[in-house]
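Asks: My questions all concern the structure below.
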């Protein structure tokens, strides 16, 4: 197994300014510059969705007892780019997200395209955190199932870690 | 009819809608922190423009919207589709409104998503393939 470091590795608070900085770091990383542009664009798109999900869905842990920060990393292993992101989520929301991921993972590309079309044509709802399209897009762009790991914590929180493996595009 | 000009930033596209000079363009990267607010302004302008066209005494078409994104996030996709549906409804009213969808020569995904949005909006796009220097080939 070969692993090339040098894409992205960050642990800490995430806001929109931080997203800009992290995306610049990603684009300028030695690893990113060695992959082809199509793969690079797909990795970039998935990293954006992961970082925005951290902002949209992170639980506001106020007790200070759970000293775990959001994190994102991008590495290349063999012929895949592995994107891993993790953050606190309110426990009540965790099950909904897992259910959605399981549903997306169970669909083939044609069924996923239909799901995407149905979702994108839904009327926008006020206070809707996002379009609900991010997870679908992650699977479509990566070509692989979304892996996840949930650590159930006390105080009504979970730590949700997503792992998305992106196949290298072969022209 | 007023212009709508929004400067491009690191996370939001530039918008240049100028009926006086017959220039209508959105270009850049679209992942603004508040996607609904950003696109509500654009779609609101298009609604006003639609009313202006239907009541206009002197405006000479055609109206060509150039969509030249190098990236947009999934939240923006929904609004870009809404925008294209609005342009389709302009056409349905008899206006000569079209969309030119720009994509980099090697950006197979941007071309594909353009085709999908065109199909869903029921509006044929003209596709503009850009060379690596950013100019149409």
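Asks: Looking at the structure I just gave you, is residue A:151 in a strand (DSSP E or B) and touching a helix residue (DSSP H, G or I) at 6+ places or on another chain (Cβ under 8 Å)? It would help to see each step written out before you state the result.
Replies: Details: in a strand (DSSP E or B): yes; touching a helix residue (DSSP H, G or I) at 6+ places or on another chain (Cβ under 8 Å): no.
Answer is no for this residue.
Asks: Looking only at the range A:73-104, filter to residues that are free of Cβ contacts under 8 Å to residues at least 60 places away in the same chain and over 14 Å from residue A:149 (Cβ atoms); which one of those is surrounded by the fewest Cβ atoms within 10 Å (Cβ to Cβ)?
Replies: A:99
Asks: State the number of residues belonging to the range B:95-107 that are under 12 Å from residue B:130 (Cα atoms) and in contact with a helix residue (DSSP H, G or I) (Cβ under 6 Å, 6 or more places away or on another chain).
Replies: 3
Asks: Residues to consider are A:107, A:66; find the one that is part of a loop (DSSP other than H, G, I, E, B) and modelled with pLDDT under 95.
Replies: Values: A:107 fails: modelled with pLDDT under 95.
Answer to the check: A:66.
Asks: If you check residue B:13 against the conditions, is it modelled with pLDDT of 95 or more and touching a helix residue (DSSP H, G or I) at 6+ places or on another chain (Cβ under 6 Å)?
Replies: no
Asks: Considering (1) out of contact with any helix residue (DSSP H, G or I) (no Cβ under 8 Å at 6 or more places or on another chain); (2) within 30 Å of residue A:168 (Cα to Cα), say which one residue B:73 fails and leave the rest.
Replies: Result: residue B:73 passes all but (1).
Asks: Moving on to the next point. Assess whether residue A:92 counts as being at pLDDT below 90 and within 14 Å of chain B (Cβ to nearest Cβ). Full working, then the answer.
Replies: On the way: at pLDDT below 90: yes; within 14 Å of chain B (Cβ to nearest Cβ): no.
In short, no.
Asks: If residue B:84 passes every condition in (1) at pLDDT 95 or above; (2) away from chain A (no Cβ under 14 Å); (3) over 30 Å from residue A:168 (Cβ atoms) but one, which one does it miss?
Replies: (2)
Asks: Any idea how many residues of the range A:28-43 are within 11 Å of chain B (Cβ to nearest Cβ), out of contact with any helix residue (DSSP H, G or I) (no Cβ under 7 Å at 6 or more places or on another chain) and in contact (Cβ under 8 Å) with a residue 12 or more places away in the chain? Please lay out each step first, then the result.
Replies: Our first condition is that a residue be within 11 Å of chain B (Cβ to nearest Cβ); within the range A:28-43, this holds for A:36-42.
Still in the list and also out of contact with any helix residue (DSSP H, G or I) (no Cβ under 7 Å at 6 or more places or on another chain): A:36-37, A:39.
Filter once more, so that each one left must be in contact (Cβ under 8 Å) with a residue 12 or more places away in the chain: A:36, A:39.
Residues in the range A:28-43 being within 11 Å of chain B (Cβ to nearest Cβ), out of contact with any helix residue (DSSP H, G or I) (no Cβ under 7 Å at 6 or more places or on another chain) and in contact (Cβ under 8 Å) with a residue 12 or more places away in the chain: 2 in total.
Asks: Still on this model: I'd like the residue in the range B:73-110 that is part of a loop (DSSP other than H, G, I, E, B) and closer than 23 Å to residue A:43 by Cβ and, out of all such residues, is farthest from the chain's Cα centre (by Cα).
Replies: Per the stated criteria, the residue is B:106.
Asks: Among the residues of the range B:51-65, are any within 14 Å of another protein chain (Cβ to nearest Cβ), touching a strand residue (DSSP E or B) at 6+ places or on another chain (Cβ under 9 Å) and in a helix (DSSP H, G or I)?
Replies: Initially, the range B:51-65 is screened for residues within 14 Å of another protein chain (Cβ to nearest Cβ), giving none.
Within the range B:51-65 (the criterion being within 14 Å of another protein chain (Cβ to nearest Cβ), touching a strand residue (DSSP E or B) at 6+ places or on another chain (Cβ under 9 Å) and in a helix (DSSP H, G or I)), the answer is no, since none of the residues qualifies.
Asks: OK, next. Check off (1) assigned to a strand (DSSP E or B); (2) surrounded by fewer than 19 Cβ atoms within 10 Å (Cβ to Cβ); (3) more than 14 Å from chain A (Cβ to nearest Cβ) for residue B:70 and give me the number that stays unchecked.
Replies: The failed condition is (3).
Asks: In the range B:86-107, how many are touching a strand residue (DSSP E or B) at 6+ places or on another chain (Cβ under 7 Å) and free of Cβ contacts under 8 Å to residues at least 40 places away in the same chain?
Replies: As a first pass, look at the range B:86-107 and keep what is touching a strand residue (DSSP E or B) at 6+ places or on another chain (Cβ under 7 Å): B:87, B:90-91, B:95-105.
From what's left, free of Cβ contacts under 8 Å to residues at least 40 places away in the same chain: B:91, B:96-101, B:103-105.
Here the count works out to 10.
Asks: Checking residue B:75 against (1) crowded, with 17+ Cβ neighbours inside 10 Å; (2) within 12 Å of another protein chain (Cβ to nearest Cβ); (3) at pLDDT below 95; (4) more than 21 Å from residue B:37 (Cα to Cα), which test does it fail?
Replies: Of everything listed in (1) crowded, with 17+ Cβ neighbours inside 10 Å; (2) within 12 Å of another protein chain (Cβ to nearest Cβ); (3) at pLDDT below 95; (4) more than 21 Å from residue B:37 (Cα to Cα), residue B:75 misses just condition (4).
Asks: Let me ask something additional. List the number of the failed condition for residue A:162; all other conditions in (1) more than 14 Å from chain B (Cβ to nearest Cβ); (2) assigned to a helix (DSSP H, G or I) hold.
Replies: That leaves (2) as the condition not met.
Asks: A further question follows. Please tell me if residue A:149 is touching a strand residue (DSSP E or B) at 6+ places or on another chain (Cβ under 6 Å), exposed (fewer than 15 other Cβ atoms within 10 Å of the Cβ) and away from chain B (no Cβ under 12 Å).
Replies: Details: touching a strand residue (DSSP E or B) at 6+ places or on another chain (Cβ under 6 Å): yes; exposed (fewer than 15 other Cβ atoms within 10 Å of the Cβ): yes; away from chain B (no Cβ under 12 Å): yes.
Yes; evaluated as a whole, the condition is true for this residue.
Asks: Could you tell me how many of the residues in the range B:107-137 are within 11 Å of another protein chain (Cβ to nearest Cβ), buried (at least 17 other Cβ atoms within 10 Å of the Cβ) and over 18 Å from residue A:137 (Cβ atoms)?
Replies: Qualifying residue count, the range B:107-137: 1.
The values are calculated or read from the model by the stated rules, or taken from the named source; none is laboratory data. Given the structure is predicted, the values throughout are model-derived calculations rather than measurements. All Cβ positions, even for glycine, are placed from backbone atoms using ideal geometry, and neighbour counts span all protein chains on display.
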